[in-house]
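For reference, the structure discussed in these notes is given below.
The values are calculated or read from the model by the stated rules, or taken from the named source; none is laboratory data. Just so it is clear, the structure is predicted and the values come from calculations on it, not from any experiment. Cβ placement follows ideal geometry from the backbone for every residue including glycine, while neighbour counts extend to all protein chains displayed. For the accessible areas, the whole protein counts, side chains as well, though only heavy atoms, and no ligand, DNA or RNA atoms are used. Shrake-Rupley method; radii C 1.70, N 1.55, O 1.52, S 1.80 Å.
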Amino acid sequence: MNIADTRLAIVGLGYVGLPLAVAFGRRFPVIGFDISAPRVLELRDGIDRTLEMSSEDLTSAGQLTYTDQLAGLRDCNVFVITVPTPVDAARQPDFDPLLKSSAAIGSILKKGDVVIYESTVYPGVTEEVCVPVLEQASGLKFNQDFFCGYSPERINPGDKERTVTKITKVTSGSTPEIADFVDDLYASIIEAGTHKASSIRVAEASKVIENTQRDVNIALMNELAGIFNRVGIDTHEVLAAARTKWNFMPFSPGLVGGHCIGVDPYYLAHKAAMLGYNPELILSARRINDEMGPYVAGRVIRLMAESRINVVGSRILVLGVAFKENCPDVRNTKVVDVISELSGIHAEVDIHDPWVNADEVKHEYGIDLTADLLKESYDAVVLAVAHSEFVADDAEIKVDRLLKPGGIIFDVKGVLPRAENVFRL
């Protein structure tokens, strides 16, 4: 297949799919598909609730249209699937979105079509889990009637500098010819260039270890934070000193949430367990990072007690509920663990976040947000997310002015100026 003949469908228009659809829509005829009719209507009106794409960005993709009807994709010959790959309550891979989207695309698949997956998975999922579904739904034979590729997403929500076209893209295909086609297709829009992997499994593995590596390194910082707190020294001061060595890796302690780092290592661990290998380091890192919410809450409670603040009946403000700064993404946010622990001690906990959608937070976590903040109203303030509204020099919200006399601030991110009543991980 020649890329000039590409009629592209992007399946899933979330944080990954929409920026990709826009980038391709500036060059090829593209149909963006999402099962959410309201999402499609908003995009047609030039509105992206994730804030990844501006109305100007959407308008710039002159060949991009949207639909929530599967039949609207029948004329496409290349399908890029960008659906989520979460974990379930037992922290096992949840392939439901992947299986449903594969079955849907399989039902309209034609001879010669190519299906490319971007969802993060462990090595082998594309060919061992997805392809059988495509074959069954289509009645076609893999690598004879249709073909597959894998190009892992590298979207960084909220990052306006490292956008999709400015990050090197790993590509792969189920045959050498298809690998070349997939690479040429992405190379046509990726300014940073592409890296063609030798196989789909290599490409799958490259993605899942990116986030596993970060998870393990952040877990080390979190463990060090616990140690240095007991020693009585400031973790961030230690790290600042250590970073003066040229090869020290600049990771920091904190809450590890979101759709990637807090999820992807479980996929690799699951595959390892299937092969009879116990991934001790990976799972230990996950355990440490998953325990940080309760740890932060415990630090806050102890500091309040040391400051002679009666914890029961106190007023505590949590600033930020998104999983990262300057971004409305609340998927798998670990701030909710902090909130849960603080609420359990019979404190009155207010949560304020100017970036997120209040209805989404209520639906996902049962949490009501506080819109208006009053000066000198709180016994403790937890800066959980470093939104610019909280920490910039001209910040709209002056954190210290929200405290009652004698109150404390717990700076999870380590970004506020040092003061006697400001404590950090």
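Quick rundown of the values:
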item: Per-region count, segment 14-37, residues part of a strand (DSSP E or B) and either open to solvent by 30 Å² or more (accessible area, probe 1.4 Å) or not small (Gly, Ala, Ser) (or both); result: 3
item: Subset of segment 287-306 that is of a type outside the set (A, V, I, L, M) and open to solvent by 50 Å² or more (accessible area, probe 1.4 Å) - its residue that is farthest from residue 263 (Cα to Cα); result: 306
item: Odd one out for residue 284 among (1) at pLDDT 95 or above; (2) buried (at least 17 other Cβ atoms within 10 Å of the Cβ); (3) within 23 Å of residue 205 (Cβ to Cβ); result: (2)
item: Condition check for residue 351: surrounded by 15 or more Cβ atoms within 10 Å (Cβ to Cβ), at pLDDT below 95 and in contact with a helix residue (DSSP H, G or I) (Cβ under 8 Å, 6 or more places away or on another chain); result: no
item: Condition met for residue 343 (surrounded by fewer than 21 Cβ atoms within 10 Å (Cβ to Cβ), closer than 25 Å to residue 262 by Cβ and in contact with a strand residue (DSSP E or B) (Cβ under 8 Å, 6 or more places away or on another chain)); result: yes
item: Strands (runs of 3 or more DSSP E) wholly inside segment 133-252 that include at least 2 residues being within 25 Å of residue 13 (Cα to Cα), open to solvent by 50 Å² or more (accessible area, probe 1.4 Å) and touching a residue at least 40 places away in the same chain (Cβ under 8 Å); result: none
item: Out of 273, 269, 285, sole residue that is touching a residue at least 60 places away in the same chain (Cβ under 8 Å) and in contact with a Pro (Cβ under 9 Å, 6 or more places away or on another chain); result: 285
item: Candidate set: segment 365-396, residues that are within 26 Å of the chain's Cα centre (by Cα) and farther than 16 Å from residue 322 by Cα; chosen: the one most open to solvent (accessible area, probe 1.4 Å); result: 392
item: Selection status of residue 341, assigned to a loop (DSSP other than H, G, I, E, B) and of a type in the set (Asp, Glu); result: no
item: Per-region count, segment 309-340, residues in contact with a helix residue (DSSP H, G or I) (Cβ under 9 Å, 6 or more places away or on another chain) and open to solvent by less than 40 Å² (accessible area, probe 1.4 Å); result: 18
item: Meets criteria (open to solvent by less than 20 Å² (accessible area, probe 1.4 Å), of a type in the set (Gly, Ala, Ser) and not in a loop (DSSP other than H, G, I, E, B)) for residue 102; result: yes
item: Complete set of residues in segment 74-96 that are part of a loop (DSSP other than H, G, I, E, B) and in contact (Cβ under 8 Å) with a residue 24 or more places away in the chain; result: 74, 75, 76, 77, 82, 83, 84, 85, 86, 91, 92, 95
